[in-house]
Ligand SMILES: C[S@@+](CC[C@H](N)C(=O)[O-])C[C@H]1O[C@@H](n2cnc3c(N)ncnc32)[C@H](O)[C@@H]1O
């Protein structure tokens, strides 16, 4: 049964979502998303589609299954889906209640999603179930910070932001590990807040790397 509280919250957020996301931020993250989504191959699941802002960063010609809990979000994504050169099939679905068979997908992509999913470890565990053996998880996410006073201010901000939309204080790398994935790489895009996480369903050929901070300098100076 779909989580109606979460669905209503995001349905309400849908009409102002593009404005609130900020076109400046979208432009800034675009090259990072393009690089990450450029890994798409095989049978791909994308979570969560939102109003389809991420579609601009998809490589051309892919065949993508997308889900989102909010029908209002998906309705607003339609025009962007229609403009895409490949095919995107979107379904209203709660990540906690995935209606896919086990081991369906080669890859799963998320974008600013696990700041919003109410039970992140359960949601990630559900994603793991629908990945094929050897399947890959690619995430572009914002999280809480380790550093004072940023960590404290994000914790307090979340009390308000969670009522209308996302949490600012998630520990997504830990959640991915708790769900039983094997971390391949964590790349910091902005401070230790915006990050790319690459993980695998199985431990084969995975070296659990410490977090790389390759882009922090450029992020701090822009
Ligand atoms: C911050 S928005 C990000 C949307 C899009 N990826 C983007 O970056 O523009 C978070 C999205 O997660 C969806 N969402 C929240 N909880 C969900 C759940 N349990 N299952 C599926 N989607 C969910 C919301 O409806 C919303 O569209």
Using a Gaussian network model of the chain with C-alpha springs under 10 Å, which one of 160, 64, 55 is most mobile by mean-square fluctuation? 160
Among DSSP beta bridges whose residues both lie in the chain, state the antiparallel percentage, nearest 5. 40
Where does the chain land at 222 nm, in deg cm²/dmol rounded to the nearest 500, when only DSSP H runs of n ≥ 4 count, each adding -39500 (n - 2.57), divided by all residues? -11000 deg cm²/dmol
Applying a 10 Å radius around every beta-carbon, put 5-17, 184-196 in order of their mean neighbour count, most first. 184-196, 5-17
Just the number: Rg to Rh for the range 52-152, Cα atoms, Kirkwood Rh, two decimals. 1.00
Provide the three semi-axes, in whole Å and in decreasing order, of the ellipsoid equivalent to the range 4-221 as defined by the square roots of 5 times the Cα gyration tensor eigenvalues. 23, 22, 18
Tell me, what is the percent relative contact order of the chain, built from C-alpha pairs under 8 Å that lie six or more residues apart? 17
Can you tell me which of 21, 87, 167 moves the most in a GNM of the chain? Springs connect C-alpha atoms under 10 Å apart. 21
Beta carbons within 10 angstrom, averaged per residue: use that to sort the peptides 98-106, 43-51, highest first. 43-51, 98-106
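Just so you know, all these numbers are worked out from the coordinates, no wet-lab data involved. Note that the structure is predicted; figures quoted are calculated from it, not measured. Cβ coordinates were reconstructed from backbone atoms using ideal geometry, including for glycine residues, and neighbour counts include every protein chain displayed.
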